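Novice: Starting off with a structure, shown below.
The values are calculated or read from the model by the stated rules, or taken from the named source; none is laboratory data. This one's a predicted model, so the numbers in the text were calculated from it and none came from an experiment. Here the Cβ is made from the backbone with ideal geometry for all residues, glycine too, and neighbour counts use every protein chain on show. The protein model used for the area step is the full one, side chains on, heavy atoms only, and it has no ligands, DNA or RNA in it. Shrake-Rupley method; radii C 1.70, N 1.55, O 1.52, S 1.80 Å.
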Amino acid sequence: MHAWKNPEVPQVVGSAPILELFNTATGNLQATAPADAATADASMYVCGITPYDATHMGHASTYVTFDLVHRTWLDSGRSVAYSQNITDVDDPLLERANANGVDWRDLAEEQVQLFRDDMEALNVIPPQNYIGAVESIQWLVPVVEELLEADLAYRVPAGADGVEGDIYFDTYAAQNDAWKLGSVSNYDRETMLGFFAERGGDPQRTGKRDALDPLLWRAARDGEPSWDGGKLGTGRPGWHIECSVIARKTLPAPFTVQGGGSDLIFPHHEFSAAHAAASDQHELAQTYVHTGMVGLDGEKMSKSLGNLVLVSKLRAAGVEPVTIRAVLLSQHYRTDWFWTDELLATAQGRVAAWRERLKVASEQEATELLNSIRTHMANDLDAPAALNAIDQWAAKPSANLGDGAQLLRDGIDALLGLKL
Ligand code: 5CA
Ligand code: ZN
């Protein structure tokens with residue numbers, strides 16, 4: 001599928017130190033390049049949207065976070081391979097399409113287009129590989145066929161609806177040197193069971209070898225879309241195998257960063273990694289990076305709850321995208337936070353002050369501020385500290401002479417994606 005327009009990213013003299021990111025799997029900060037290969041190629045997979053409702057601030061925050069990873073790597077002179085999926089066939093999408101009386105394909109297409117427009121407005125660099133679940137079925141079928149042959153996947157007997165042929169992953173049989181249950185999330189079984197039930201899993205399904213075993217292939221049901229799955233029979237793919245296969249088909253193994261919101265740590269990223277290890281005996285990614293949840297009025301912002309602040313609505317109301325981006329950068333990516341109108345007003349004031357101050361800057365202050373921004377960003381993407389550094393600079397009286405303004409404007413754009 002096509003993604004969206006590539007923004008111009010200015011090239012700026014100098015470069016950032018090696019980016020360190022917090023790895024959920026190890027619980028530590030981790031360098032995203034070896035010390036002796038700071039400009040090595042980098043690769044990233046970020047879990048994309050399920051397109052049944054418009055982009056809200058939670059999504060925007062997550063994709064802007066990984067855009068900062070992307071920009072920091074580019075600034076270090078690294079070439080970046082970036083893939084993102086679209087979960088364009090899944091239960092919530094089909095349910096919403098049914099409820100609205102529209103074709104699920106039309107709903108998905110419309111929402112994906114809205115997402116593209118929002119990402120472009122927010123100055124997010126697109127992935128080179130933007131791939132829908134439906135497009136990935138041809139890759140996924142042989143992978144699940146092999147898992148079946150290896151007895152790492154199995155068919156369960158018909159459930160209450162009498163449909164035969166659902167295929168599950170044998171979690172415990174699949175453990176090997178590259179992956180064990182908990183390798184990514186480090187959760188205990190109790191916690192896993194809770195999240196599994198909450199986030200699309202079916203611990204109660206009878207006939208599974210273990211309650212946590214995730215679905216790989218769902219046999220065709222009346223009224224649901226389905227595809228020819230070769231030896232799997234007709235049906236549609238499970239969720240974790242979708243991302244696992246798209247990532248492995250389009251990126252090196254293991255790739256540098258697996259990204260998404262913290263709601264994806266378990267079961268999604270745990271099992272995406274498990275499927276890769278079961279098929280290929282290698283780790284899926286070197287670093288698992290998760291963003292905090294953005295909420296509104298005391299609750300996680302979510303399509304299912306409906307408490308949404310939409311990027312498209314704010315844009316339509318005349319809010320400048322650069323201001324929205326400045327709000328997102330004002331919160332550290334790993335914290336959970338709540339969207340408020342005050343945050344938006346503060347960001348508006350900051351952007352105005354930065355623009356005013358950017359009329360004149362000496363080369364020295366530009367270089368100093370850029371160094372400071374680079375240092376903060378390399379330290380687990382400390383964007384709030386980078387913005388504070390810009391505030392401090394903006395509060396100082398401007399030098400009367402200087403030709404640093406363009407350098408600074410370019411640097412703030414290249415590193416933070418803020419076009420001032
Ligand atoms: N299609 C799957 C991933 S394969 C999915 O989770 N789709 S989503 O539309 O629900 O979310 C898209 C991305 O936004 C995911 O990375 C998710 O973790 C993130 N996300 C969803 N809600 C929030 C939120 N309230 N705050 C921060 N990030 C969020
Ligand atoms: Zn995913």
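Novice: So which strands (runs of 3 or more DSSP E) stay within segment 78-176 end to end and still have 1 or more residues that are more than 16 Å from ligand 2 (Cβ to nearest atom)? So that I can check it myself, show each step before the final result.
Specialist: Numbers: elements: 80-86, 129-132, 153-155, 167-169.
Because the criterion is at least 1 residues that are more than 16 Å from ligand 2 (Cβ to nearest atom), the strands (runs of 3 or more DSSP E) in segment 78-176 that meet it are 80-86, 153-155, 167-169.
Novice: Within segment 279-296, which residues are over 11 Å from the mean Cα position of the chain (by Cα) and either open to solvent by less than 10 Å² (accessible area, probe 1.4 Å) or among the aromatic types (Phe, Trp, Tyr) (or both)? Give the steps one after another, and end with the answer.
Specialist: First pass over segment 279-296, keeping only residues over 11 Å from the mean Cα position of the chain (by Cα): 279-287, 292-296.
The answer is Leu284, Ala285, Thr287, Gly292, Val294, Gly295.
Novice: While we're looking at this one, here's another question. Is it the case that Glu365 is over 30 Å from Met293 (Cβ atoms), surrounded by 15 or more Cβ atoms within 10 Å (Cβ to Cβ), acidic (Asp, Glu) and out of contact with any Asp or Glu (no Cβ under 7 Å at 6 or more places or on another chain)?
Specialist: Working: over 30 Å from Met293 (Cβ atoms): yes; surrounded by 15 or more Cβ atoms within 10 Å (Cβ to Cβ): yes; acidic (Asp, Glu): yes; out of contact with any Asp or Glu (no Cβ under 7 Å at 6 or more places or on another chain): yes.
Taking the combined requirement at face value, the residue satisfies it.
Novice: While we're looking at this one, here's another question. For Lys303, all conditions in the list (1) within 16 Å of ligand 2 (Cβ to nearest atom); (2) closer than 19 Å to Ala153 by Cα; (3) among the basic types (Lys, Arg) hold save one; what is the number of the exception?
Specialist: Only one criterion is unmet by Lys303, namely (2).
Novice: Are any residues in segment 368-420 among the polar types (S, T, N, Q), crowded, with 17+ Cβ neighbours inside 10 Å and in a loop (DSSP other than H, G, I, E, B), and if so, which ones?
Specialist: If we filter segment 368-420 for residues that are among the polar types (S, T, N, Q), which is where we start, we get 371-372, 375, 379, 388, 392, 398, 400, 406.
Filter once more, keeping what is crowded, with 17+ Cβ neighbours inside 10 Å: 372, 398.
Ser398 - this is the single residue of segment 368-420 that is among the polar types (S, T, N, Q), crowded, with 17+ Cβ neighbours inside 10 Å and in a loop (DSSP other than H, G, I, E, B).
Novice: Looking at (1) over 26 Å from Ser61 (Cβ atoms); (2) away from ligand 2 (no atom under 16 Å from the Cβ); (3) not in a helix (DSSP H, G or I), find the lone condition where Leu216 falls short.
Specialist: It fails just one condition, (2).
Novice: Then there's this: Quickly run through segment 225-250 and pick out the residues that are within 14 Å of ligand 1 (Cβ to nearest atom) and either under 15 Å from Gly162 (Cα atoms) or assigned to a strand (DSSP E or B) (or both).
Specialist: Pro237
Novice: Could you tell me whether segment 164-175 includes any residue that is farther than 18 Å from His269 by Cβ, open to solvent by 10 Å² or more (accessible area, probe 1.4 Å), within 28 Å of the chain's Cα centre (by Cα) and at pLDDT 95 or above?
Specialist: In the first step, residues of segment 164-175 are kept if they are farther than 18 Å from His269 by Cβ; the result is 164-168, 170, 172-173.
Remaining after also requiring open to solvent by 10 Å² or more (accessible area, probe 1.4 Å): 164-165, 170, 172-173.
Still in the list and also within 28 Å of the chain's Cα centre (by Cα): 170, 172.
Okay, now just the ones that are also at pLDDT 95 or above, so 170, 172.
Within segment 164-175, one or more residues are farther than 18 Å from His269 by Cβ, open to solvent by 10 Å² or more (accessible area, probe 1.4 Å), within 28 Å of the chain's Cα centre (by Cα) and at pLDDT 95 or above.
Novice: When you go through Asp222, Asp188 one by one, which is the residue that is away from ligand 1 (no atom under 16 Å from the Cβ), surrounded by fewer than 24 Cβ atoms within 10 Å (Cβ to Cβ) and under 29 Å from His332 (Cα atoms)?
Specialist: Numbers: Asp222 fails: under 29 Å from His332 (Cα atoms).
The unique qualifying residue is Asp188.
Novice: Based on what the data block shows, is Trp104 within 16 Å of ligand 1 (Cβ to nearest atom), surrounded by fewer than 20 Cβ atoms within 10 Å (Cβ to Cβ) and either of a type in the set (Ser, Thr, Tyr) or more than 19 Å from Ala60 (Cβ to Cβ) (or both)? First the steps, then the outcome.
Specialist: Working: within 16 Å of ligand 1 (Cβ to nearest atom): yes; surrounded by fewer than 20 Cβ atoms within 10 Å (Cβ to Cβ): no; either of a type in the set (Ser, Thr, Tyr) or more than 19 Å from Ala60 (Cβ to Cβ) (or both): yes.
Here the answer is no, as Trp104 does not meet what is asked.
Novice: Sticking with this structure for a sec: Taking the options Ser244, Ser183, name whichever one is within 28 Å of the chain's Cα centre (by Cα), hydroxyl-bearing (Ser, Thr, Tyr) and surrounded by fewer than 22 Cβ atoms within 10 Å (Cβ to Cβ).
Specialist: Numbers: Ser244 fails: surrounded by fewer than 22 Cβ atoms within 10 Å (Cβ to Cβ).
Answer to the selection: Ser183.
Yes/no per residue for (1) among the polar types (S, T, N, Q); (2) touching a Cys at 6+ places or on another chain (Cβ under 7 Å); (3) over 26 Å from Leu19 (Cα atoms); (4) in contact (Cβ under 8 Å) with a residue 40 or more places away in the chain:
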| residue | (1), (2), (3), (4) |
| --- | --- |
| Glu342 | no, no, yes, no |
| Ile373 | no, no, no, yes |
| Leu387 | no, no, no, yes |
| Asp403 | no, no, yes, yes |
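Novice: Filter segment 77-101 down to the residues that are within 21 Å of the chain's Cα centre (by Cα) and more than 15 Å from ligand 1 (Cβ to nearest atom), then identify the one that is farthest from Pro10 (Cα to Cα).
Specialist: Initially, segment 77-101 is screened for residues within 21 Å of the chain's Cα centre (by Cα), giving 78-93.
Retained after the next criterion (residues that are more than 15 Å from ligand 1 (Cβ to nearest atom)): 78-81.
Working: Arg78: 14, Ser79: 15, Val80: 16, Ala81: 19 Å.
Restricting to residues being within 21 Å of the chain's Cα centre (by Cα) and more than 15 Å from ligand 1 (Cβ to nearest atom), the top hit is Ala81.
Novice: Here is a check on your reading of the model: is Ser61 within 20 Å of Asp413 (Cα to Cα), within 15 Å of ligand 1 (Cβ to nearest atom), crowded, with 21+ Cβ neighbours inside 10 Å and not aromatic (Phe, Trp, Tyr)? Show your work before the answer.
Specialist: Numbers: within 20 Å of Asp413 (Cα to Cα): yes; within 15 Å of ligand 1 (Cβ to nearest atom): yes; crowded, with 21+ Cβ neighbours inside 10 Å: yes; not aromatic (Phe, Trp, Tyr): yes.
Criteria met by Ser61.
Novice: For segment 219-232, check the following and say yes or no: at least one residue is within 12 Å of ligand 2 (Cβ to nearest atom) and out of contact with any helix residue (DSSP H, G or I) (no Cβ under 6 Å at 6 or more places or on another chain). So that I can check it myself, show each step before the final result.
Specialist: Going through segment 219-232, the residues within 12 Å of ligand 2 (Cβ to nearest atom) turn out to be none.
No: segment 219-232 contains no residue that is within 12 Å of ligand 2 (Cβ to nearest atom) and out of contact with any helix residue (DSSP H, G or I) (no Cβ under 6 Å at 6 or more places or on another chain).
Novice: If a residue must be within 13 Å of ligand 2 (Cβ to nearest atom) and open to solvent by less than 10 Å² (accessible area, probe 1.4 Å), how many such residues does segment 247-278 contain?
Specialist: 15
Novice: What's the number of the only condition in (1) open to solvent by 20 Å² or more (accessible area, probe 1.4 Å); (2) under 24 Å from Ala414 (Cβ atoms); (3) modelled with pLDDT of 95 or more; (4) over 19 Å from the mean Cα position of the chain (by Cα) that Trp4 fails to meet?
Specialist: (4) is the only condition that Trp4 fails.
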